[in-house]
Amino acid sequence: MKKLKKALIVLFSLLLIIALGIYFYLLSTKPQYEGEVAIKNISTTTEVYFDDYGIPHIYANSEKDAMTVLGYVHAQDRLWQMELLRRIAPGRLAELFGNKVSKTDMFFAGLGIDENSEKTITQIDKNSETYKLTLAYLDGINQYLENGKTPVEFTLLGLEKKPFTLKDVYNIFGFMSFSFAMAQKPIR
């Protein structure tokens, strides 16, 4: 009976240590909602206030600064979702999940979103305000990728954080346009 009691105590202790380890690991990957963060390429101090629902309110002296900070905050809160979105349009989900999603990849690759994104990027007016603000947004995302915490999903899959590009933004636009259009399709 003493051996059983000792074995249960050891087992319980191990489970407690593992549970605490997981808890503190997950706590370390939690987004930062307070304090200061040094973000490059912004001209003045920019403030972000997160309301009770976790919605960021960005106060900046220029649109460029606001977009850079928005990219950073967006990546901090939604990096895993952003990673999935940038992979779905060109048909690259199987890189993460294997052959189970190959039909989905073939479908989206067949839609041509990736090719149209490339074509659109070659025709962009690089002097437009929209282009400059998009680059600022991408700068914020990529600064988070460089300096921010790695989401648990990336760790579990052994996924390396790679910079976002303008093509990723257009691929996400293409996928979202498709999904919004499908939502408008009548049910029969």
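The values are calculated or read from the model by the stated rules, or taken from the named source; none is laboratory data. Keep in mind that what you see is a predicted model, and the values were worked out from it rather than measured. Methodologically, a virtual Cβ is constructed for each residue, glycine included, from the backbone with ideal geometry; neighbour enumeration extends over all protein chains shown.
Observations on the structure shown:
- Residue that is in a strand (DSSP E or B), farther than 27 Å from Y170 by Cα and assigned by TED's automatic domain parsing to the domain that holds E129, where the choices are Y53, Y49: Y49
- Filter pass, Y72 being surrounded by 10 or more Cβ atoms within 10 Å (Cβ to Cβ), aromatic (F, W, Y), modelled with pLDDT of 90 or more and under 27 Å from F173 (Cβ atoms): yes
- Search result, residues across segment 75-105 that are touching a Ser or Thr at 6+ places or on another chain (Cβ under 9 Å), crowded, with 18+ Cβ neighbours inside 10 Å and in a helix (DSSP H, G or I): L79, R86, I88
- Flag if K185 is touching a Ser or Thr at 6+ places or on another chain (Cβ under 8 Å) and not hydrophobic (A, V, I, L, M, F, W, C): no
- Enumeration of residues in segment 34-55 that are surrounded by 10 or more Cβ atoms within 10 Å (Cβ to Cβ) and under 22 Å from E129 (Cβ atoms): I39, K40, N41, I42, S43, T46
- Screening S179 on (1) in a helix (DSSP H, G or I); (2) modelled with pLDDT of 90 or more; (3) out of contact with any Ser or Thr (no Cβ under 8 Å at 6 or more places or on another chain); (4) of a type in the set (S, T, N, Q) shows it passes everything except condition (2).
- Residue in segment 24-33 that is at pLDDT 80 or above and surrounded by 10 or more Cβ atoms within 10 Å (Cβ to Cβ) present: no
- Within segment 112-156, considering residues that are among the small types (G, A, S) and part of a loop (DSSP other than H, G, I, E, B), the one farthest from the chain's Cα centre (by Cα): S128
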